[in-house]
């Protein structure tokens, strides 16, 4: 990490509660490591007019005014709409212009709801440094046409830059309040960044899907190496950028496992909510989590056999820890629990309690079911299938124990 | 499992809430499988005089009377003292006499507090069938003189019979109420039971500790094979004996992993309570569980390298699921949480809220600390050590994140 003459410049694309929290963490670290990073962290904000409540603690400055969210963030150093009451370091700069946010960035951190990623990448493509590197904090995976695509892969394909993933047991308001937690960064340094002087065409090609069992043909992406005057982008640099005393970072090379864990756990959290809603208690929730881990492991082993490591699911924050916190307290868990308690469908809870917002878990459950059906593997993932069937109304929560296995038939 | 001319007879040694629950499960299954098992399940009860409250639902029969607990259990088919309001099958027979309980049993199930195991084995030794087989449901391990001994090993040594282990996310009242859960049975069929006709002296020897790294010399036990007229004692028979629609059983050969999981999780549950008491939320609890799993895995790998399988900790009910339920709701968790909330020591909580009863987790934390110290391995188990130090008052809960790791020092 020595010998560089330039510094990295970081941009955060997205400014919800998790995006703002990650911007806060990064800005704390760029402040502490001026040798490696430009201090300023630019954060792209989808701008909107907001009215500052009279009761705001910023009342004396802004109370009762109608202002642009970006202006307010830059003036009071707080995302008053999406992360209220949390002070952001003053080196976080909100920027309403996507292109200006990313144009000089050597490190791009994507942290926005997955439904906006396509349009956002359209706005960025062609306007970034060709040797930038990226981290995706976007939960979920894209499942369509019998293929699972990670958001990191989507970013690589669309922008032509290498992208890793960050995920873990990271309920945003707790992290923002600097309560202790851990996260996992999946980043497999691309070959051209390991031999910095070799920029032959061959060395710069990366086959995104060569290890995928479920994609018709691998996608080739030509990457530009990170220039030697910039600090090497690897585990150490990423740890320096993301780790805080209250936010422990573990690095793994398994990007797919990190992304899959963050997606599949939402299906399992629904099942945990179902049994909690029945009042079945802690044993039952723990059983659901255990069976869930097994299906995550099997999913990875079946469709990502060369890239996924089982221990990402069983031993990393992006795996079992994220699963545990989601199955104990996440939004999918709570909504499923309420649905069963009130004797209504999860759909009704989405309409009633979430203003029609869709839960991540329900769409993932349907997507994964469709994928498993196309792959002819429904029988091998009884928990994922049971959650889908309960959502569909073709199975009942009471059936869950029998559906997820239990005793084999014993011949006397 | 065919060709047998005799049936197994089961005795349960112990009758607390977990012992009575296991007796209930077993009696349900001996009822359903009269081809394999004698219907009657004898349960040893440490007898005591009890007074039936006037308000008891058994009032018309027994209210206000002073009676022997065993008599009451056999009359009303309920352990009114330790598992009230749960109907026991009428083929559970409470027996105050230890020797009479075990004398005809071909299958012994030990389920009593660990502090009573030594004296109980004294009362049994020499009074059982030499070819009986046993399952230990006793949580914890015995740590002394720099050695870790499993209760199953203690039973093998003292009684000269093979013993496996049963453990899982099994909070007793929930299981007794037939709420769904899972458990793990560790049972490694001894060689002499696999080749039933070979009863040479050599084939019947079992070296209990040949795979142990921390015991001075292995203990040899001479076992008597299960006679061929009895059904073979293996995974299928044990599943038939323990599995219920609400109690799923998974069999593994790794007895040590099953026993260690049930012991070590109590240390981790204290840590989970500490961070919960601070109000650090779900992310922090999940982080503690994750680090806890890693230390369980390392403990098994270090001292039981040939017998323990890592996936017992990461994928079985006796591992991660038991850990999760204990870290969410177990007694060690709750007491540690109360201690931190009230700003007092765990010891004070033991005295105040548990009538001076000792928590399993505190004694295990001290035992394991002493063991690690003797083995010169304190530095490799930072979470176990931190819990000990917090109990001792030499570390604070606030130190926990730094103590269990986090960021390595980065050279700029």
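The values are calculated or read from the model by the stated rules, or taken from the named source; none is laboratory data. Note that the structure is a prediction, hence the values are computed from the model and not measured. Reconstructed Cβ throughout: ideal geometry from the backbone, glycine too, with neighbour counts over all protein chains shown.
Would it be correct to say that residue B:396 is farther than 30 Å from residue A:284 by Cβ, within 14 Å of chain A (Cβ to nearest Cβ) and out of contact with any helix residue (DSSP H, G or I) (no Cβ under 6 Å at 6 or more places or on another chain)? Here the answer is yes, as residue B:396 does meet what is asked.
Looking only at residues of the range B:352-384 that are outside any helix (DSSP H, G or I) and in contact (Cβ under 8 Å) with a residue 40 or more places away in the chain, we find that the one that is farthest from the chain's Cα centre (by Cα) is B:377. Restricting attention to the range A:252-279, the residues that are within 10 Å of chain B (Cβ to nearest Cβ) and surrounded by fewer than 24 Cβ atoms within 10 Å (Cβ to Cβ) add up to 2. Yes or no: residue B:136 more than 14 Å from chain A (Cβ to nearest Cβ), within 30 Å of residue A:287 (Cβ to Cβ) and modelled with pLDDT under 95? Considered against the rule, which asks whether it is more than 14 Å from chain A (Cβ to nearest Cβ), within 30 Å of residue A:287 (Cβ to Cβ) and modelled with pLDDT under 95, residue B:136 comes out as no. Residue A:349 meets each of the listed conditions (1) within 22 Å of the chain's Cα centre (by Cα); (2) without any contact (Cβ under 8 Å) to a residue 40 or more places away in the chain apart from (1).
Looking only at the range A:1-15, residues that are at pLDDT 95 or above and either part of a loop (DSSP other than H, G, I, E, B) or surrounded by fewer than 18 Cβ atoms within 10 Å (Cβ to Cβ) (or both) come to 4 in all.
Show me the helices (runs of 4 or more DSSP H) found entirely inside the range B:18-130 where at least 1 residues are more than 30 Å from residue B:364 (Cβ to Cβ) and modelled with pLDDT of 95 or more. Answer list for the range B:18-130: B:69-76, B:98-102. When restricted to residues that are surrounded by 24 or more Cβ atoms within 10 Å (Cβ to Cβ) and either in contact with a helix residue (DSSP H, G or I) (Cβ under 6 Å, 6 or more places away or on another chain) or farther than 18 Å from residue A:11 by Cα (or both), the range A:152-162 contains 2. In the condition set (1) touching a helix residue (DSSP H, G or I) at 6+ places or on another chain (Cβ under 9 Å); (2) surrounded by fewer than 16 Cβ atoms within 10 Å (Cβ to Cβ); (3) farther than 30 Å from residue A:252 by Cβ, residue A:380 is compliant with all but (3).
If you check residue B:157 against the conditions, is it touching a strand residue (DSSP E or B) at 6+ places or on another chain (Cβ under 8 Å), farther than 30 Å from residue A:274 by Cβ and in contact (Cβ under 8 Å) with a residue 40 or more places away in the chain? It is true that residue B:157 is touching a strand residue (DSSP E or B) at 6+ places or on another chain (Cβ under 8 Å), farther than 30 Å from residue A:274 by Cβ and in contact (Cβ under 8 Å) with a residue 40 or more places away in the chain. Scanning the range A:295-307 for residues that are crowded, with 20+ Cβ neighbours inside 10 Å and either within 9 Å of another protein chain (Cβ to nearest Cβ) or free of Cβ contacts under 8 Å to residues at least 40 places away in the same chain (or both) yields A:296, A:297. Here residue A:243 meets the list (1) surrounded by 22 or more Cβ atoms within 10 Å (Cβ to Cβ); (2) more than 21 Å from residue A:386 (Cα to Cα); (3) free of Cβ contacts under 8 Å to residues at least 60 places away in the same chain almost entirely, failing just condition (3). Scanning the range B:194-229 for residues that are at pLDDT 90 or above and crowded, with 17+ Cβ neighbours inside 10 Å gives B:223, B:225, B:226. Considering B:341, B:315, B:310, the condition of being surrounded by fewer than 23 Cβ atoms within 10 Å (Cβ to Cβ), within 14 Å of another protein chain (Cβ to nearest Cβ) and touching a helix residue (DSSP H, G or I) at 6+ places or on another chain (Cβ under 7 Å) is satisfied by B:310 alone. Out of B:324, B:340, B:344, B:387, one residue alone is part of a loop (DSSP other than H, G, I, E, B) and modelled with pLDDT of 95 or more. It is B:344. Selection of the range B:327-337 for residues being farther than 15 Å from residue B:287 by Cα and either outside any helix (DSSP H, G or I) or at the interface with chain A (Cβ under 8 Å from one of its Cβ atoms) (or both) yields B:329, B:330. Taking the stated definitions as given, is residue A:292 within 11 Å of another protein chain (Cβ to nearest Cβ), out of contact with any strand residue (DSSP E or B) (no Cβ under 7 Å at 6 or more places or on another chain) and farther than 18 Å from residue A:383 by Cα? It is false that residue A:292 is within 11 Å of another protein chain (Cβ to nearest Cβ), out of contact with any strand residue (DSSP E or B) (no Cβ under 7 Å at 6 or more places or on another chain) and farther than 18 Å from residue A:383 by Cα.
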